[in-house]
Structures are given as structure tokens and as C-alpha cells.
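Written out below as C-alpha cells is the structure these notes cover.
Quick note: the coordinates plus some simple rules give every number you see, no bench work behind them. Given the structure is predicted, the values throughout are model-derived calculations rather than measurements. For neighbour counting, all protein chains shown are included, and Cβ atoms are generated from backbone atoms with ideal geometry for every residue, glycine included.
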Amino acid sequence: MTRVTKLRTVSLLLGLLTLGLGLIMVPRLAWAIEYEVFIDVDTEEELYDLWVTEQISEDTFNTLVELRRRGLDLNKADREQLYSLPNLDYEEVDAILAYRAEAGTIHAPADLVAAGVLSRETLGSILAYVRAYDERPKLSATSGWIRYQTGWSQMDRTVPPMAVQARITTLRQMTIGVAGVLTRQRVGNPVWDPNREAMIADPMQARLQVPKVYVQWDTSEWGIIAGSYRIGFGQRLVFDNSSSNTPNGFFPDDAVFVPQRLGAGCREAQGEQDESPCAGDKGHTYVTRDYRWRDSLRGVAIGAKHLSLPVGWLQIYGFGSWQSRQVYQYQLYDRRACENPLDNADPACSAPDTYVTPEDPLDRTESHKFQVLPNMYDEILGGGNFTWFHDRRTHVGLTGYGATVQWKVEGADLDFQEWAPQPFGGPWGAVGADMAWGRRWSDLTFEVARSFDSMRNLGSTKWSPNGRSNDNPSTGDPEYGGGGWAALLRHTSTIGKNHEIEVSGRYYDTRYANPYAGPIAQPDQFDGNRARDEAGGRIRYGGRIAQRADVRGLVDFWVQPTVGSPKMLAYLRTDVNVNSWFRPGLWLQYRNIDLRRGPPAECKVDDLTPDGSPPPGSTSDTSSSSGNSTDNNNTVDTNGDIDYRYSCLGEVAQLTGRLGFRPLQGKLSITAQYQHEFIDDLQISGRTRQDISTFLIVRASPTKNFRISTRLRYLSVDIADKKRYEESIWAYFDFSYVFAKLFLVRTRYDAFGWLDLRDNTLLRIPRVEHRLRLEFEARF
């Protein structure tokens, strides 16, 4: 039996098992939000543990982090916002809303347990994401917090990276927030050098950034925000940048992301010099990364949430943004040199060089590589939403937006590469309608949208499949762009508090180039966008059986019309509460990028490239990454590092077993996990690649105010060849203490050892990394 046949046998068994479970319960059950496991965490670090142990996806991780950071007010949240909380079904959400309507105010989350609305276990699992208080505090009442974070590793030789965040709530409804970051690896604002016909930017050095600041006034009837914010509506098909599963309106954005791994300390290429400044040990030295942030919207949004009508009510939102944005340096091209950005075989269509600013304009200088260039363009955007609600489960709405770009590098004529998320050529936007209907156990949602852009009439001679360097046979249509259609239909039903199933279908046109679309979609991309060039359907189950077993199952079939190969993702995950202290679990997962008979179609790296990674041919610097092997055509990220998860994996069968222990009345938690993957790696011939990883996570709370967390991970990617992929061991120790319920002090120490025998690993400095992070938080 060949390796392909073996993997497809696993696929068939897993698919039939999960699909059978779904079909048995389809007439009466539904699950709408993909939280792959029962989520029960208290801190953001525990969410990261769920992600790194692959219990949840990156999408789920981002959603829960955002939800935890902003918190959900039980007295203001609507039905869809409450449903975004982990572990809740619609039955429980409707019970919360009914209790709130009867009681008037939820004074404390524990009221929901006392009233029989939620179980103690379910409430405990959502406490990290919710808050509740009397809606009529004193006008002068003021509360808030301020947080300071920093990090260090042994090869750091400059001021460490830092982040400061603060948030204040006063006058009952006003919230003010700010986030500042001290960076060391960020270049200066680029300018155009006409002598070089390229950009130049000052070298990396310590710089103070204030990327987030906002003022918000928010009530149950209306709200307004000025500054940095996120917003989304409907099924996220037209507009959403919120990372929320069920957005409806805006919320402030002051998020800063903590670096989890070290990054290259030198990011310069040879340029005009005879030798690269990063040659030798300097090019293999790794330091602490800067704290990161995502550009959101910056402007004003205003919403009337509840305008009463004889039947139902209206919701009206308007929003505008003028945001200065950063861009990964390889996502650009010069329109004066390149006639058609789709012609990646033309060297003139590669990203223009970005040189280090020389002391004398005539001096020879090196060039930057793998940099996110700051302050490159202003995105000017405006949009709105108009929705009529018959009741909280039934509505009809319209959403639309338009955006354009003003480049800030004078003297150049820049635009986006076709694989960048933003459309090239000029303005873009989208408009669409969504509806929802709900009665008893059934909820139906539907959204249809039409995008528009300026990518059109670029010439048929350069658009044929063989004329593009990535060989993506998109459509064969000589016209590219101009806008396309997208639609999403989803039915959700629920019975009791134990079971749910979702059945959904989706279609995203090849021309639906909408960078602000965030609906259900698989990670594969078409020219920078996930919700593009995809048609599929899925069945997903989630529930609790016999009050002991938490079960999550999914079968998703989809196809990229331009490629024509059917694809599949299926998983079945079960965790059982044997008793109050023992919770074992068994998970099965299978993914296939080509279900057709015969050997799988050749995998193209750029089809699997995550946002911010240069596809082959975009720049010559992709062959000289920051210390990781590029022999296997793996994806290079914005730090120059390689992620083996995005290489050419035809089929992946995954088996995971875990044991969870909670002795000492919950004061001690021990989780052990083993994962084994059988992978059809299209870059390895003659054998099946096998990856293994093991985890041991221990958490303890000796006292109410003192928490200890530690994790040990061993990872071996391709256990048969230590010279191809990563082998590593990683341990961390995390200690936190709360003083007088107001002050938090937290420290974390990481030790990371590289064990594989790749050439660049052997040259890596340091091979055993020591990292330290400190955090101080004060609440008032």
C-alpha cells in the first residue's frame, strides 16, 4: 500500500465517522462558531498554550485574544456578541438575555449561576472574557489600568523592546485608551532616491511609536469613537477587521502583541557594497523581537444602535478612516518600470530595492531586507451599515464601504503586488446585503456581496497560466479584476444545552478581491486574500454527550475553481470528564489539498503563503533568509524566518492524545499531550514524512494571588532527517503575583534549544536561547 493510499484510507474512515455523526444529528442540532475544544483558561498565556499545542487554530487564538482584551459587558452585549463567547450555545445565550430583561441589570456574573441560567463550569470558562456591573455608577466614578511590558535575550546589545498600554473609563460611558511601543528593529520612513531609482530608509534604531489612541462614548442606544478602532457586520463578508466571529459594530483597538520567538538581529543585504553587512556570525545572530501591532482603522465611527419603529428597530452605523499604514517591502512594485504586475517573470515587476540611507548621497550603501516599511501610504476609507431588526434573531441589513490609497513616497509611482492583500490599480470596496431569521431551535443567516476594484484590462497576453511565474491558472480570462461576487449561507439549530450543528455553504469569486472580508474560509489564498477563489460546504458538530464527553467534529469540502482540485479538512476531537480531576482526550484530523485519483497536483508555495510572505520571484533576497534553510522552498515570513507548516504538504493525517489532571480542588493543573503526524510532503520522495511533538504543561495556584505556570515542549519535524527541518526543545517558567488586588507583577523565563543539524542551525547564535519577559500592571 502506497503512502498516498494509506493517508487516503485514514481520510475515508475519519470523514465517514465525522460525517456520520453529523448526519445522525442534522435534523435537530447545530454549531456556528469554530472553537475546536472546550475553552477554559484564565490568562492570555494559557490561550497561547492552546494555540502552540494545536488545540485551537490561529484564527481562534486571535479571536479569543481580542475578546479577552476588550471584555464583553453582559449588560450591553447583543445576541451575536454573547454567542461569540466560548462554550455557549444559542439556548444559553437566549437564557442570559431573558434573565437580563427580567432582572434589569446583571450585577455580577455569578448571578447567572444563582438564577440557573448557566452551570458553574460554563460560567467559569467565560469569566476571562466578561464583565458585569450596575449601569448607573456615580458620574464621577473612574476606573482603569496601565500595563508595562519588556523583554530580553542574551544576544541583545541595545535598549530592550517595551510596550505601555493604558485605559481609563469615566463619566459612566467614556473610555480613553493609548498604546505606545519602543522598537529597535524598525527602519525610518522611506523616501525615493532618484539617483538610485529606489527607496532609501534610515537604519534600524530605537524609536518610540504611538500606534493606538482613542476616545469612546458608548451607551446601549448609541455610540461614537474617535481614534483607533475595529468594526464589522453581518457574516463578515463585506467588512470586518475585528477578529470577532459575530461582529456587529465597533470597539476600540489598543492591542499590542507579545513576541514569542527571537528574530534576526541583522536585516541588511549586500546592496551596492562588496559584501553583506550580515555576513558571518552577525547574519546568524538572533535577538528579542519588537512588540508588534496591527494597523486598524483610525478616524471616527458613530452608531445609532436602537431607533424604535412601530415594528422592530433600526441600526445605523457610519465610519471613516484616514490611516497611515505600513507595508512589507516585497509587496510593492514600481508602475513606471512594470507594465503589468501579474507578469512576475519580468524582473522589472519585482519590488524596488530599499537601501540604507548613506551619510553621503554618493556613497555606496547596503540594502534592507525582510522589513515592514513604516508610513508608506494613507488609506482613506468610508462606509456604513443600515439594518432593520424585527427582533433580536431576525434582521435585514446593508453594508458597504469604499477605500483608496495615497502613497506618501514622493517621486515614486508605487503600487501593490498582486499577492498583497490590497488590490492594486486604485480605489476598491464592496457592498452587500445580509439577513438572519430565527425561530425556536433554528437560525438561518445569508449574505451576498459584490466587490469592486481597479484591477482590470491588463492584457490577455500576460494573463495566460504559463505567463505567470506562480503558474496559478486562475481563470484564463484575459480580464483580471474589476470586482466579483461572494455569498455565504449558514443554518444553525440547537436543542437544549448539549448539542449543536452547523451546515453552511460558501462561494467566493476569483475576482472578489476584498481585503476587509473575514468570513468562513480556509487558509489557502488567492493573490493575498483568503475569501477569494473558493467554493465549499461544511458540517460541524459540537456538544456534550452524557454530561461528560465534549465532542467537536468537522467535515469541510472545498475547491479553488482556478485550480480545480477538490480539497478536504476533517477532524473529530473528544475530551471526557472521567471525574472531577481527570480529563483525557483523543483527537483525529486529516487534510488533503487534492482528492483526485493519482498523485496529488504539484504544490505551489505562493498558493500557501501567509500574509506578508514574498512568493518566489518577488525578490532575490528570499534566497538569503535570516538563518533558516531555504533549500526546501518553505515560506519566508516578515522576519526572514521559515514556517514549515506552509511548505508543500499534500496530505496530513494527525493523531493527538492528551491527559488532563486537576487535583487539589483545581489548585493544580497538569496536561500531557503527544501528537504524531503522517505527512505526504511533496518535496520528499519515496517516503512519508512523520512529525512528532510532546507537551507537558503544569499550572499551580498555591494561593489566590500567586500563580505558577510551566511548559515543556519537544518538537521533531521529519523524525527521519535531522538536516531538513526543525528539531527543538522549549521550556518556560511563568510566575505572577497580585498585590492588594490592584497590582500585578509577572515574570517569565524561556529556554529554547535547537537540536537539528541543518547548516544554518549549526551556525545559529545562540543555539540555546535564554529569554526573559517582565510585566507590571496597575488597576484603579
field: Positive dipole terminus of region 372-413, leading residue within L381, W407, H395 (C-beta point charges)
entry: H395
- line: Any residue on another chain or 5+ positions along whose placed amide H is under 5 Å from the amide H of E726 is listed here as V717
task: Grab the beta carbon distance between F582 and R779, set R0 = 30 Å, and tell me the FRET efficiency rounded to 0.05.
output: 0.25
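Report the relative contact order of region 39-163, percent, no decimals, based on alpha-carbon pairs under 8 angstrom and at least 6 residues apart.
Computed value for region 39-163: 26 percent relative contact order.
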task: Could you grab the relative contact order for the chain? Cα pairs under 8 Å, six or more apart, rounded to a whole percent.
output: 11
- prompt: With each label point set 7 Å from Cα along the Cα-Cβ vector, what nm distance links L757 and E102?
  reply: 7.0
task: Would you please classify the overall shape of region 301-451 from the alpha carbon gyration tensor, given that a ≥ b ≥ c denote the square roots of the eigenvalues, rounded means a/c under 1.5, and beyond that prolate means a/b larger than b/c while oblate covers the rest?
output: prolate
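Among 688-696, 237-245, how do they line up from the highest to the lowest mean number of other beta-carbon atoms within 10 Å?
Ranked by mean Cβ neighbours within 10 Å, highest first: 237-245, 688-696.
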- line: Filtered hits (lysines, Cα-Cα < 18 Å from K305, offset >= 8 within chain) -> K76
FRET efficiency, T404 to A141 (Cβ-Cβ, R0 56 Å, nearest 0.05): 0.85
- prompt: Between region 507-557 and region 361-382, what's the alpha-carbon centroid distance in Å?
  reply: 35
- request: Answer rounded, prolate or oblate for the chain, using the Cα gyration tensor with square roots of eigenvalues a ≥ b ≥ c: rounded when a/c is under 1.5, else prolate when a/b is larger than b/c, else oblate.
  value: rounded
task: State, to one decimal in nm, how far the label point of W437 lies from the label point of S685, with both points 7 Å from Cα in the Cβ direction.
output: 5.7
field: Additional length obtainable on full extension of the chain from K667 to R172, 0.36 nm per residue less Cα span
entry: 174.6 nm
statement: Expected unfolding gain across K722-T710 under the 0.36 nm per residue rule, minus the alpha-carbon gap, is 1.6 nm
- prompt: Working out 0.36 nm times the residue gap between H770 and L655, then minus their Cα-Cα distance, what length gain in nm do you get to one decimal?
  reply: 38.3 nm
Nearby aspartates and glutamates by direct alpha-carbon distance to K567 (threshold 12 angstrom, same-chain neighbours under 8 apart not counted): D524, E534, D556, D594, E651
- prompt: Just going by the charge dipole of region 238-380, with Lys and Arg at +1 and Asp and Glu at -1 on Cβ, which of A348, A264, S244 is farthest out on the positive end?
  reply: S244
- prompt: Which whole-Hz ³J(HN,Hα) couplings does region 744-759 yield from phi under the Karplus relation 6.51 cos²θ - 1.76 cosθ + 1.60, θ = phi - 60°, glycine and proline marked x?
  reply: 10, 10, 9, 9, 9, 10, 10, 10, 10, x, 8, 10, 6, 10, 5, 4
- request: Step through the residues of region 588-596 one at a time and calculate ³J(HN,Hα) from phi using the Karplus curve (6.51 cos²θ - 1.76 cosθ + 1.60, θ = phi - 60°), rounding each to whole Hz and writing x for Gly and Pro.
  value: 10, 8, 9, 9, 9, 8, 7, 8, 5
Alpha-carbon centroids, region 277-297 and region 79-102: separation in whole Å: 43
- request: Run the numbers on region 131-280 and let me know its relative contact order in percent, using alpha-carbon pairs under 8 Å that are six or more apart.
  value: 15
- prompt: Label point 7 Å out from A226 along Cα-to-Cβ: which residues of region 314-340 have amide N under 18 Å?
  reply: 318-324
- prompt: How would you rank 574-584, 555-565, highest first, on the average number of other Cβ atoms within 10 Å across their residues?
  reply: 555-565, 574-584
field: Cα→Cβ-extended label distance, 7 Å offset, between F257 and F733, nm
entry: 3.0
- request: Quick one: what are the phi-derived ³J(HN,Hα) couplings along region 367-378, Karplus 6.51/-1.76/1.60 with θ = phi - 60°, whole Hz, x for glycine and proline?
  value: 10, 7, 9, 6, 10, 8, 7, x, 6, 7, 7, 9
Pairwise centroid distance, computed over Cα atoms, of region 710-780 with region 125-187, Å: 24
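Just the ratio, please: alpha-carbon radius of gyration of region 671-757 over 2.2 N^0.38 Å, N its number of residues.
Normalised by 2.2 N^0.38 Å, the Cα Rg of region 671-757 equals 1.52.
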Cα-centre dipole for the chain with unit charges at Cβ (Lys and Arg positive, Asp and Glu negative), debye to 20: 2880
query: Does region 204-280 come out rounded, prolate or oblate by the C-alpha gyration tensor, with a ≥ b ≥ c the root eigenvalues, rounded set by a/c under 1.5 and, if not, prolate when a/b is larger than b/c and oblate if not?
result: prolate
